[in-house]
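Report on the following structure.
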Amino acid sequence: EQIHHLRYDVWEAAPEVQFSFPEMPVPYSCAHQPSLVHSSSGTNQSPGQKPDCIPKVDIMFMKTHKTASSTILNILFRFGEKHRLKFAFPSSRNDFFYPSLFHRSQVKDYGPGMCFNIMCNHMRFNEAEVTAVLPADTTYITILRDPAELFESSFHYFGRLVPFTWKISGDEKMKEFLNDPELYYDPNGFNSFYLKNLLFFDFGQDNNLPMDDPRVEEGIRAIARRFDLVMLVEHFEESLILLKDALCWDMDDLLFFKLNVRKGSTVSKLSPELRAKALQWNAIDWKLYQHFNATFWRKVEAYGRERMAKDIAELRRRNAEMATICIEGGQAVDAGSIHETSMQPWQPIGEKSIMGYNLKANINKAHQKLCRKMLTPELQYLTDLGVNLWITKLWGQVREILDW
Ligand SMILES: Nc1ncnc2c1ncn2[C@@H]1O[C@H](COP(=O)(O)OS(=O)(=O)O)[C@@H](OP(=O)(O)O)[C@H]1O
């Protein structure tokens, strides 16, 4: 949930300032290690983990759009707090000036040689700049979603920020668009990337390439080379178990509630025909998804199907237990029914479709803090972690005044 249109109004109005820094690679982690030393003594090991398995704390999470990435962010925020890690955050807003390509100068408090452990906010990926900020052995992770579902979600969430959609008539705008995309789509149109190959664009690639352009394959290969783990929304729990394995984490670290979920009535059903059209329209993302779908299942295979099933059952049991402990009514509710403003998620323009949670009253002391963190939406959590989101807040206030 972002404020991308402001990028142009506020930031692009002034020429973009790109500082140049002396090259100073970050050779090793700067983590505070007490809790890790503790776990390496074997007292905090998950069953099935090697005794010398020390949690990895240097992590780059490429936060793609509409891919359950806010749920993963919440997991990373809690992990970072638990181990007192240093986040490379943006300043003044919740993304690294998306959709401009990432540059190290966008990192809050950045200076040459500075060491950060976790980078996880929305950005347009730019490998050379990202690797300049993080330790050399950082683990790179990301998540993809079926491009038809992603397109549907993005059309709902960002459609109004893409001016060429304004001329689409009727109630079923997405269907209308997919029936003849070329009639409406303008590759140079403002915010057009939200509606074509958004994943490929997020990875810093050109989302308008024809399929036979060699840069499509090259782009996919570059992502495969850089990322250690590519998760899939459709197999979210399997993805988390693979994450636990890749990072030597505990099951405790994976507990989550689904965040940024839309109410069912605002999800447009994709008929098989419409789904085929959405995949054809987002053909690069479909190729990307298929590639990493294959590597994903090879990883599951290597992990062991039975072991995976056992771990998923355990994760589900633990999550259900947490829902009973933390959530009033045990599930997400519409924005209008959320009592605390600090639990209100950011909404798309002109909508109140994103659901949120109410904390249970009288949660036992041992769980109070964890429950609140698990249910706190991204913007509020970022503020709690010390990011001053003045641009985001200003935009929120403008919207309130205009009743958007
Ligand atoms: N755990 C889990 N499993 C499966 N799906 C999940 C999960 N958590 C969130 N979601 C769905 O992800 C969509 C929100 O994605 P993001 O948080 O990445 O959105 S954003 O780009 O940060 O705005 C949003 O999809 P839509 O509801 O289709 O819009 C969420 O419902």
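The values are calculated or read from the model by the stated rules, or taken from the named source; none is laboratory data. The structure presented is a predicted model; accordingly, all values stated were derived computationally and were not measured. When we count neighbours, we look across all protein chains shown, and the Cβ atoms used for this are built from the backbone with ideal geometry, even at glycine.
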Run down Glu314, Glu321, Glu351 and say which single residue is assigned to a loop (DSSP other than H, G, I, E, B) and of a type in the set (Asp, Glu). Glu351
Unmet criterion (only one of (1) exposed (fewer than 15 other Cβ atoms within 10 Å of the Cβ); (2) modelled with pLDDT under 55; (3) of a type in the set (Phe, Trp, Tyr)) for Trp11: (1)
Considering only segment 106-124, I want to know if a residue exists there that is surrounded by fewer than 21 Cβ atoms within 10 Å (Cβ to Cβ) and assigned to a helix (DSSP H, G or I). no
Candidates Gly219, Gly189, Gly264, filtered to the one that is of a type in the set (Gly, Ala, Ser) and farther than 20 Å from Phe155 by Cα: Gly219
Would you check which residues across segment 330-341 are buried (at least 16 other Cβ atoms within 10 Å of the Cβ) and either out of contact with any strand residue (DSSP E or B) (no Cβ under 7 Å at 6 or more places or on another chain) or under 20 Å from Ala68 (Cα atoms) (or both) and list them? Ala332, Val333, Ala335
Only one of (1) touching a residue at least 24 places away in the same chain (Cβ under 8 Å); (2) under 19 Å from Gln290 (Cα atoms) does not apply to Val162, and that is (2)
Cβ pairs under 6 Å, 6+ apart or interchain, first in segment 314-336 and within 18 Å of Asn358 (Cβ to Cβ) and in contact (Cβ under 8 Å) with a residue 12 or more places away in the chain, second among the small types (Gly, Ala, Ser) and part of a helix (DSSP H, G or I), ordered by first then second residue, are Ala323/Gly330
The condition of being away from the ligand (no atom under 16 Å from the Cβ), at negative phi, without any contact (Cβ under 8 Å) to a residue 24 or more places away in the chain and out of contact with any Lys or Arg (no Cβ under 9 Å at 6 or more places or on another chain) holds, among Ala128, Ala136, only for Ala128
For segment 176-189, check the following and say yes or no: at least one residue is surrounded by 16 or more Cβ atoms within 10 Å (Cβ to Cβ), within 16 Å of the ligand (Cβ to nearest atom) and modelled with pLDDT of 95 or more. no
Mind checking whether some residue in segment 367-379 is of a type in the set (Lys, Arg), at pLDDT 95 or above, surrounded by 14 or more Cβ atoms within 10 Å (Cβ to Cβ) and under 22 Å from Ala68 (Cα atoms)? yes
Which of the residues belonging to segment 147-172 are within 28 Å of the chain's Cα centre (by Cα) and away from the ligand (no atom under 16 Å from the Cβ)? Pro163, Phe164, Thr165, Trp166, Glu172
